[in-house]
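In what follows, a single structure is set out as structure tokens and then discussed.
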Amino acid sequence: MSHGDEVAELPAGFMRIASTKDCVNAAMMDSERRLYGIQWHNEVTHTEHGMEVLKRFAELCKPAQWSIKSYAEHVGAQIKKEVGDRKVFMLVSGGVDSTVAFTLLNNVLGADRVQGLLVDTGLMRKGEVQMIEEAFAKLGIDNLHIEDASEEFFRNLKDAYDPEEKRRIIGDTFLAVQKRVSEEMGLKMEEGWMLGQGTIYPDTIETGGTKYADKIKTHHNRVEAVQKMIEKGLVIEPLKELYKDEVRILGEELGLPHELVWRHPFPGPGLGVRILCMGSTEETRSKEISNVHIPMTNAFSVLPIRSVGVQGDGRTYRHAIAVFSDKPTRITEALLELATQVPNGNKEINRVLLCTSQSERVEFSVTPGVITRERAELLREADDIVLQEMRTADLYERIWQFPVVLLPVGIGRGEKGQSIVLRPIASTDAMTANAFLLPPEVIKNITERILRLPGIDAVFYDLTNKPPATASTFAGRKTRDPPKTSFSGFSFAPLP
């Protein structure tokens with residue numbers, strides 16, 4: 001990972017205490033003021049001994065014991081303090097975070113003070129609503145209302161292209177549906193109700209929720225309307241201090257079944273952020289892309305789309321390249337090295353894909369499209385194929401997350417084809433991630449099955465780590481500005 005910058009000159013009073021071949025001032029110290037600084041990410045899983053460095057620093061500051069069990073006790077007391085004598089209305093997506101948060105609130109406050117709402121957006125995984133309903137029934141949780149609002153979501157997203165715009169629209173639509181349902185159920189803020197969310201710590205960082213964090217993406221639970229409610233003390237987020245792996249452990253501590261707690265992470269906006277939308281057939285390659293140095297013998301194509309990534313501490317919109325190999329379903333060490341070298345050496349590129357459906361170089365063109373029920377169903381089928389193959393190969397629990405992305409990109413020019421991107425990744429905390437290497441026979445099976453889906457021209461395998469790429473997102477493009485979605489308030493909005 002390369003930020004592309006570093007502190008080259010030490011501040012007054014500091015001395016260098018560590019160096020690397022890439023960073024002269026890797027660590028520094030001011031012994032008189034007992035100040036320390038480092039230029040590496042010791043908080044992420046990929047840093048060797050990173051957690052040990054943090055642990056020793058914490059011990060020097062003030063020894064403290066922390067465990068999931070002690071956190072459960074602490075957060076239980078915190079929930080009671082924040083909620084007081086009010087009740088909590090919570091949107092439940094069926095993912096790990098909202099499931100654990102909803103269960104925790106039920107355990108702490110009791111079912112009579114918690115009401116859950118699962119909104120069927122039309123953008124959920126295949127058979128997910130039924131699976132969630134059955135899972136909660138087994139847990140004895142019956143205070144969950146399911147609302148089919150798919151038509152409303154597709155209608156609001158019909159002019160949305162940009163990923164950020166889609167997230168905002170999905171977040172606002174969630175709240176609008178919540179407003180309508182809460183009114184129908186007679187839940188009013190003035191009668192002591194507040195909003196519960198399954199926000200976890202990485203969500204707050206990526207949305208720029210900490211003091212010095214740049215906004216990488218807007219999470220659906222951090223749209224402007226929710227931010228205003230947070231400022232008014234109308235939102236409870238019991239998991240906001242935890243990472244994903246800690247949320248899973250807490251879930252098991254609460255008695256949730258293993259198969260539910262260890263499901264792959266799934267974004268709150270659902271498949272909506274995994275369906276790329278384009279409103280123009282003009283290619284998006286920039287002029288400077290021809291000057292990029294790519295140290296490889298493989299043929300490659302620059303895709304006519306932009307990829308969302310994280311380079312340094314900020315969000316980037318750069319090019320993605322597709323690499324071709326005579327053995328398209330076999331991932332070699334050379335390809336993995338390439339996927340690291342190219343983004344680090346070329347700021348114009350932040351994602352490297354292996355084309356698993358073609359062995360020879362082809363040109364790609366854009367197929368304009370927005371989010372529709374038909375495109376959602378197409379991606380849902382591709383996603384289910386991946387799930388089936390992971391279960392069959394006994395790989396599901398070895399993979400942290402497996403986003404499957406639909407691109408409006410086909411082979412040739414003037415065609416109407418689309419493509420699928422496979423993005424299996426290994427991670428524990430969601431802050432960083434490595435591309436997970438599937439066996440060639442599994443890649444072959446997935447590719448062949450997906451190519452049988454109507455309108456799919458190509459399949460890609462994302463080899464890029466996070467950073468510089470994000471977990472799954474590509475950027476869309478539009479021919480005109482989409483209409484802004486306003487939010488006029490709902491039952492939980494602050495009273496005038």
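Out of Leu118, Leu144, one residue alone is in the same structural domain as Lys240 (by TED's automatic domain parsing), within 28 Å of Leu260 (Cα to Cα), crowded, with 17+ Cβ neighbours inside 10 Å and out of contact with any Phe, Trp or Tyr (no Cβ under 6 Å at 6 or more places or on another chain). It is Leu118.
Residue pairs whose Cβ atoms lie under 8 Å apart, separated by 6 or more positions or on different chains, with the first residue in the stretch 180-195 and under 22 Å from Ser98 (Cα atoms) and the second of a type in the set (Val, Ile, Thr) and assigned to a helix (DSSP H, G or I), are Met194/Val83; Leu195/Val226.
Return yes when Lys444 is charged (D, E, K, R), on the phi < 0 side of the Ramachandran plot and either modelled with pLDDT under 95 or assigned by TED's automatic domain parsing to the domain that holds Glu259 (or both) and no when it is not.
Here the answer is no, as Lys444 does not meet what is asked.
Looking across the stretch 170-191 at every residue that is modelled with pLDDT under 90 and among the small types (Gly, Ala, Ser), the one that is nearest to His145 (Cα to Cα) is identified as Ser182. The residues on offer are Glu32, Glu82, Glu48, and the sole one that is assigned to a loop (DSSP other than H, G, I, E, B), farther than 30 Å from Asp148 by Cα, among the acidic types (Asp, Glu) and touching a residue at least 12 places away in the same chain (Cβ under 8 Å) is Glu32.
Okay, residues lined up against (1) of a type outside the set (D, E, K, R); (2) in a helix (DSSP H, G or I); (3) on the phi > 0 side of the Ramachandran plot:
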{"site": "Met28", "(1), (2), (3)": "yes, no, no"}
{"site": "Arg56", "(1), (2), (3)": "no, yes, no"}
{"site": "Gln65", "(1), (2), (3)": "yes, no, no"}
{"site": "Gln78", "(1), (2), (3)": "yes, yes, no"}
{"site": "Val88", "(1), (2), (3)": "yes, no, no"}
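Can Arg318 be described as within 25 Å of Val442 (Cα to Cα) and of a type in the set (Lys, Arg)? For Arg318, the condition - within 25 Å of Val442 (Cα to Cα) and of a type in the set (Lys, Arg) - is not met.
The stretch 297-408 holds strands (runs of 3 or more DSSP E) entirely within its bounds, and those carrying 2 or more residues that are surrounded by fewer than 22 Cβ atoms within 10 Å (Cβ to Cβ) and not hydrophobic (A, V, I, L, M, F, W, C) map to 300-311, 314-323.
The values are calculated or read from the model by the stated rules, or taken from the named source; none is laboratory data. All figures in this text were calculated on a predicted structure; none of them were measured in a lab. Cβ coordinates were reconstructed from backbone atoms using ideal geometry, including for glycine residues, and neighbour counts include every protein chain displayed.
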